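The values are calculated or read from the model by the stated rules, or taken from the named source; none is laboratory data. Remember, it's a predicted structure, so these values are computed and weren't measured experimentally. Don't worry about glycine lacking a Cβ; one is built from the backbone with ideal geometry, like all the others, and counts go over all protein chains shown. Just the protein is used for accessible areas: all its heavy atoms, side chains included, with ligands, DNA and RNA removed. Shrake-Rupley method; radii C 1.70, N 1.55, O 1.52, S 1.80 Å.
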Amino acid sequence: MQASFTVNGTVRSVDVPEDMPLLWILRDEIGLMGTKYGCGIAQCGACTVHLDGMAVRSCQVRAYELDGAEITTIEGLGTPEAQHPVQEAWIETQVAQCGYCQSGQIMQAASMLANNPNPSDDEIDAVMSGNLCRCGTYPRIREAIRLAIQKQGA
Amino acid sequence: MGKLRTLTRRTFLVGSTAVAGGVAFGIYRAKAPFENPNLAGLPEGAASFNPWVIIDAEKITLIAPHADKGQGVFSAQAAMIVEELDIELDQVEISFGTPDKAYMNGALTDAMVPFPQYDYGKVAEGARRFAGGVVRAALPIMGTGGSSAMPDSYDKLREAGAVARETLKAAASQQAGVPIEGLRTENGAVWLPDGTALTYTSLSAAAAQIEPVTNVTLRDPSQWRILGKPMERVDIVAKSTGTLPYGVDHKTDGMLFATVKVNPRQGGVLISHDATAALAMEGVVDVFEITGGISVVANNTWTAIQAANAITCEWGEATYPPEQDAHWTALSASFTDDRLNAEARNVGDVDAAPGAEVIAEYRSPYVAHAPLEPLNATILVSDDRVDVWTGHQLQMFAVDMVAKITGVDRDNVHLHNQFIGGSFGHRLEFDYLKQAAEIAMKMRGTPVKMTYSREEDFAHDFPRHITMGRGIGKHENGKVTALDVQIAGQSVMTSQMSRIGFSLPGPDTQLHEGAWDYPNLNLPNIRVRSYKETGLAPVSSWRSVGAAPNGFIYDTLLDETIHAAGADPLMERIRLMGHDVSVKVLETVGEMCGWNGHDLGAGRGRGVAYVFSFGVPVATVVEVTQTERGIRLDEVWVAADVGQVIDPVNLENLAQGGTLFGLGHAMNCEITYSDGMAQQSNYHAHESMRLYQAPKVNFTALENNPKIKGFGEPPVPPAAPALGNAIFAATGQRIRELPFNKHIDFV
Ligand code: FES
Ligand code: FES
């Protein structure tokens, strides 16, 4: 099928099977590699992107749901030169170890803070627990979120 | 990279050499760490130089050969060079280099000698040097594992930086006609007394012409500018902006995408398959048989995985007992003389020692590595060369494997090592690479990226080896008097080495590592015996290898015996510990948490555990509360002695991550077999820790250890016993089997 949607502000049209997940459309069709595959079944969160402003698991969003959608990936959130406050906080806190989960962690955190600029510890736990980090960077993720809250408040 | 590839081993016959437009620095033969007669007959340059610094007219390139799987060694290696070179990290390019014996890992063999790593005596050190020499001569390993990257790199990379600096100064002195004493180096340049700066790049051609200065003195840590202080990891911005390409992100023109479906009964054959449905799918390019299974090549990874799922296969039998129970039965029957792997330690007389007995049996299951980046490799087989893009920890063996399958000479196999999205040991294995090579052979001329689905990864992991422990602890008058520890396990080293074509020359030390070298030198009676099983599932090194199961067995038995004696868990461990560096570690963790006994009142408790692994003593205290819905992890304290801290921030991150890794898997992870297949297929069934469960982890690093040590693995082993000991302190329930959630709930 033909699907037409916006990715990081650019209109994209792809011709793909209708049940092809957004994750693989981004990676193998469009060539945006910042969004990662970890499990394919909504268990790890490595594939998290924003769809119309909401954090979603891109491995669960199919081509037929995409027409007209606005997608933001980690590449569209910020860049090395112009970082999003959440990315700045992640860098200052030196969260990443292998880093493979961090695109998804950052996208999840950015969406949480956009909807709720001052989440409680319990709210952070609830929102962030779908994102697996095999390297165990959770203490620094918590720290970075606190720092991002400060930055965004400032 | 193009330029580096032309630097063959032969180019590095001296401490520096001219390269296109510049100079490459290494280390002289005289700087080799030992003079071993075995080395006299080595081919020229085979083990004696280490090309790490390359300077040409445009730029400075540092080679960081150790694979980075998240432990931060890419940054750390470069930092060691720039510390001596007087340049900043953002002024250099860093490359993984090409696989070469020159980058062999000199520290991997430290654990291969029969001396505990806290023994720095003459005999033990001599044996380590000898083992290093023999292995270098026979089998130089360029590899990353065993928490060895730091000890391997520490001296030689700083020396490489210092040699380059002094040689550049000598070149500047000649060029400017100024005595060397009047020169100083800073910010990537040699500065003349009149304030003129000669950049290193401008001096590169001249430096290539002169005899390198190899008589250098390394700076004392008190003078360090960069090392020992928090540094911004060079990959941190890329890893926080989605711009760091991992192996799985490799892109190249005309590339196709593949996946595999191999017999989930590991080692079994493919009897037949029906790919009719798969071949009819849009985007499927080809389906063909490979060793043990089939491969699908398609227009994208998703289609390849869908098509693989649509293929029906008839599989042959596994090479091990099909049902999990039989694995435990086999281990429990392995505590016999003919299975004795080693009597690794025997002091005093455990049988005759006085005291009441604690008798216990422990189980540590198979556990998956499951790094978040799925296993993958992109391979292009062309007419006269093969290019491989993958992240691997044993780069030279990887090249050999691909050379063998493709029939291309190993010199024409070019491995481009990639950043790694986690390994935990799985990227020491070769199956995925061999499968990718078989696929690329069939698809000759087309680059093919082979990616495992997560389900294939779980089905085809070589998990952590299964282990059973039996112990007797004795106590009298409130003191522990004896520990008799017996450990039976599926031999991880036998299994792993068989897949690279070697047989294990002697006992498998991983079956008692972390138990035999537990330095409780004040305990008068200790015996540690290990028993070897080889007929169970194929297994592989899992972060901290034997020290994880063995540390759990040893330290839990110790804890049980201390409790039976009525002694304090921390104080009695300190009393038994004859090793000063370790005593300090235990005392430190006690101070950090304000230790005041294990019992914190109703439903709350603390457990302490200690394990010595990879030369690092680590003590961990876990505090838990029993809630209505289960055990909650409240807080954790960790103290460790790594000898020398290179980057305190990264070290803390590794301490937190390694501890949570150890705790998470102890809570809820195991691989079990039924009908010969792993029953866990994805993270929902093998979850480890999630953020809501992660306690605060406090960390203190000590530097009393006489040698620098790596820290990727040592935080892992004490986590599980500390948690088990804490659960006992809070609830009175002693759980002797991992994972703990088989017996208790967690919130
Ligand atoms: S890949 Fe989508 S949640 Fe894991
Ligand atoms: S940093 Fe490695 S998985 Fe999160």
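Taking every pair of distinct Cα atoms and averaging 1/r, then inverting, what Kirkwood hydrodynamic radius in Å comes out for region B:153-244? Mind dumping the intermediate values first?
On the way: mean 1/r = 0.0664 Å⁻¹.
Answer for region B:153-244: a Kirkwood hydrodynamic radius of 15.1 Å.
Which shape class applies to region B:320-465: rounded if a/c is under 1.5, otherwise prolate when a/b exceeds b/c and oblate if not, where a ≥ b ≥ c are the square roots of the Cα gyration tensor eigenvalues? All intermediate terms of the calculation are to be shown ahead of the outcome.
Working: a/c = 3.05, a/b = 2.51, b/c = 1.22.
Prolate shape, in that a/c is at least 1.5 and a/b is the bigger ratio.
Just subtract the alpha-carbon distance of B:Thr534 and B:Ala197 from 0.36 nm times their residue separation and send over the number in nm, one decimal.
Working it through step by step, the gained length comes to 114.9 nm.
For region B:362-445, just the Cα atoms, rotate onto the principal axes and tell me the three extents in Å, largest first.
Reported extents, whole Å, longest axis first: 54, 22, 22.
Based on DSSP, what percent of beta bridges with both residues in chain B are antiparallel, to the nearest 5?
Numbers: 91 of 121 bridges.
If I count the DSSP bridges inside chain B, around 75 percent turn out antiparallel.
Return the percentage of antiparallel bridges among DSSP beta bridges fully within the protein assembly as shown, rounded to the nearest 5 %.
Details: 104 of 136 bridges.
So the antiparallel bridges in the protein assembly as shown amount to around 75 percent.
What per residue convex hull volume, in Å³, comes out for chain A when only alpha-carbon positions are used?
Values: hull volume 16.0 nm³, N = 154.
Spread over its residues, the Cα hull of chain A gives 104 Å³ apiece.
Computed FRET efficiency, Cβ-Cβ of B:Phe502 and B:Asp411, R0 22 Å: what is it to the nearest 0.05?
Values: r = 23 Å, r/R0 = 1.02.
Approximately 0.45, to the nearest 0.05.
So for region A:2-77, taking the charge dipole from beta-carbon charges (+1 Lys/Arg, -1 Asp/Glu), which of A:Ala42, A:Ala69, A:Thr6 sits furthest toward the positive end?
It is A:Ala42.
Mind giving me the nanometre distance, one decimal, between the label points for B:Asp745 and B:Ala356, set 7 Å out from Cα along Cα→Cβ?
Once both label points are built, they end up 3.4 nm from each other.
Once the Cα gyration tensor of region A:2-77 is diagonalised, what are the square roots of 5 times its eigenvalues, in whole Å and ordered largest first, as equivalent ellipsoid semi-axes?
On the way: eigenvalues 54, 38, 25 Å².
Each semi-axis is the square root of five times an eigenvalue, giving 16, 14, 11 Å.
Please list B:66-78, B:436-448, B:672-684 highest first by mean number of surrounding beta-carbon atoms within 10 Å per residue. Please report the intermediate quantities before stating the final value.
Numbers: B:66-78: 26.2, B:436-448: 21.0, B:672-684: 18.2.
Peptide ranking by packing, descending: B:66-78, B:436-448, B:672-684.
At a Förster radius of 25 Å, what calculated FRET efficiency corresponds to the Cβ-Cβ distance of B:Glu93 and B:Lys251, to the nearest 0.05? Can you show the working numbers first?
Numbers: r = 21 Å, r/R0 = 0.84.
The calculated FRET efficiency here is 0.75.
Please report, in Å, the Rg and the Dmax of region B:672-713, where both are computed over Cα atoms only.
For region B:672-713, the Cα-based Rg and Dmax read 18.4, 51 Å.
What's the total accessible area buried between chains B and A, using a 1.4 Å probe, rounded to the nearest 100 Å²? Spell out each step's value before the answer.
Working: alone 27520 and 7830 Å², together 30660 Å².
Chain pair B/A: roughly 4700 Å² of buried accessible area.
Treat each spin label as a single point 7 Å out from the Cα along the C-beta direction, and report the B:Leu218 to B:Gln733 distance in nm.
5.0
Once label points are set 7 Å from the Cα along Cα→Cβ at both B:Val269 and A:Thr6, what is their separation, rounded to one decimal in nm?
Computed distance between label sites B:Val269 and A:Thr6 equals 5.9 nm.
What residues of region B:198-242 lose no less than 20 Å² of accessible area with every protein chain in place versus their chain by itself (probe 1.4 Å, heavy atoms only)?
Buried on complex formation: B:Glu232, B:Arg233, B:Ile236, B:Val237, B:Lys239, B:Ser240, B:Thr241, B:Gly242.
Could you check how many percent of all C-alpha pairs in region B:450-557 are farther apart than 23 Å?
Numbers: 2111 of 5778 pairs.
For region B:450-557, the share of Cα pairs beyond 23 Å comes to 37 percent.
Looking only at region A:2-77, where both bridge partners belong to it, what percent of the DSSP beta bridges are antiparallel (to the nearest 5)? Don't skip to the answer; put the middle values down first.
Working: 13 of 15 bridges.
Roughly 85 percent of the DSSP beta bridges within region A:2-77 come out antiparallel.
Give the whole-number value, in cubic angstrom per residue, of the convex hull volume spanned by the C-alpha atoms of region A:85-152. Intermediate results must be reported in sequence, preceding the final value.
Working: hull volume 4.8 nm³, N = 68.
Measuring per residue, one finds 70 Å³ for the Cα hull of region A:85-152.
Within region B:676-740, report the GluC sites (Glu not before Pro) that DSSP leaves as loop and that have at most 16 other Cβ atoms within 10 Å. Please report the intermediate quantities before stating the final value.
On the way: sites: B:Glu687, B:Glu703, B:Glu737; in loops: B:Glu687, B:Glu703.
Within region B:676-740, the qualifying GluC sites (Glu not before Pro) (loop, at most 16 other Cβ atoms within 10 Å) are B:Glu703.
Based on alpha-carbon centroids, what's the gap between region B:156-234 and region B:581-640 in Å, whole number please?
Each part's Cα centre sits 46 Å from the other's.
Using 0.36 nm per residue of separation minus the Cα-Cα distance, give me the extension gain between B:Met592 and B:Glu186 in nm, one decimal. Intermediate results must be reported in sequence, preceding the final value.
On the way: separation 406, 0.36 × 406 = 146.16 nm, distance 4.01 nm.
Difference between extended and current length: 142.1 nm.
Determine the per residue accessible area of region B:595-747 with all protein chains present and a 1.4 angstrom probe, expressed in square angstrom. Each step should come with its number before you reach the end.
On the way: 4310 Å² over 153 residues.
In whole numbers, region B:595-747 has 28 Å² accessible per residue.
For B:Leu521 and B:Glu232, FRET efficiency with R0 = 41 Å and r from the beta-carbon atoms, rounded to 0.05?
On the way: r = 42 Å, r/R0 = 1.01.
Efficiency for this residue pair is about 0.50.
Take every Cα-Cα distance within chain B, group them into 10 Å bins from 0 onward, and report for each bin the whole-number percent of pairs it holds.
Cα pair-distance distribution for chain B, in percent: 3, 14, 23, 24, 19, 11, 4, 1, 0.
Using a Debye calculation, one point per C-alpha and no hydration shell, please list log10 I(q)/I(0) for the protein assembly as shown at q = 0.06 Å⁻¹ in order.
After summing over all Cα pairs, the log10 values are -0.41.
On average, how much accessible surface per residue is there in region A:85-152, in Å², for a 1.4 Å probe, leaving out ligands, DNA and RNA? Don't skip to the end; give the middle numbers.
Values: 2000 Å² over 68 residues.
Heavy-atom SASA per residue in region A:85-152 reads 29 Å².
Projected area of region B:548-596, taken from the Cα convex hull and averaged over every viewing direction, in nm²?
Details: hull surface 15.0 nm².
Answer in nm², one decimal: 3.7.
Determine the gain in length on full extension of the stretch A:Ser129-A:Arg62; use 0.36 nm per residue of separation and subtract their C-alpha separation, reporting nm with one decimal. Numbers along the way, then the final one.
Working: separation 67, 0.36 × 67 = 24.12 nm, distance 2.35 nm.
Result for the pair: 21.8 nm of gain on full extension.
Principal axes first, then extents: for the Cα atoms of region B:636-731, list largest minus smallest coordinate on each axis, whole Å, largest first.
Ordered largest first, region B:636-731 gives principal extents of 50, 32, 23 Å.
Could you tell me what percent of the accessible area of region B:292-434 is made up of carbon and sulfur, with a 1.4 Å probe and every protein chain present? Don't skip to the end; give the middle numbers.
Details: 2290 of 4950 Å².
Reported share for carbon and sulfur atoms: 46 percent.
Computed over the Cα atoms, what is the radius of gyration of region B:222-290 divided by 2.2 N^0.38 Å, N being its residue count?
Values: Rg = 22.6 Å, N = 69, 2.2 N^0.38 = 11.0 Å.
My calculation over the Cα atoms of region B:222-290 gives 2.05.
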